[in-house]
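In what follows, a structure is listed as structure tokens, so that the remarks can point back to it.
Where a number appears in this text, it was derived from the coordinates with a stated rule and is not lab data. Owing to the predicted nature of the structure, the values given are computational and were not obtained by experimental measurement. Heads up, the Cβs are rebuilt from the backbone with ideal geometry, glycines too, and the neighbour counts pull from every protein chain shown.
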């Protein structure tokens, strides 16, 4: 290993990249518990429109969040092709409904660029930065904000 590789290895992170509509996003792989196919959810009364409902995940109740709608895009049209990414942040476990998982990326944290200033405060709250990889622009979703908002909503 050369000096450049050893210097950057400390700051390497792995991300799970996925599609939401025509956009690509990613999350830290350490938050991902599993990736599973779409399962119809049981609706919850008075839940925000982006909460699709809950599913039974091996005896545990798992809330499903339509990530497209949560990020301000049109709601996802559910089909057997959709994927649920089960994530855990702190003590909260949530399923994120996305269109497809596309990649596992290994990137140096130095390559994460800040969210552009033209983004709204809401966008900046959910998207921590942007990765420019092979001509693709991939938004890094800040799960802490997404999950903490979910926990406050449930309280």
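Computed quantities for the displayed model
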{"quantity": "Shape category assigned to the stretch 13-107 from the gyration tensor of Cα positions, a/c cut at 1.5", "calculated": "oblate"}
{"quantity": "DSSP bridge pairs, the stretch 13-154: antiparallel proportion in percent, nearest 5", "calculated": "85"}
{"quantity": "Listed peptides 139-145, 111-117 by packing density, highest first (mean Cβ within 10 Å)", "calculated": "139-145, 111-117"}
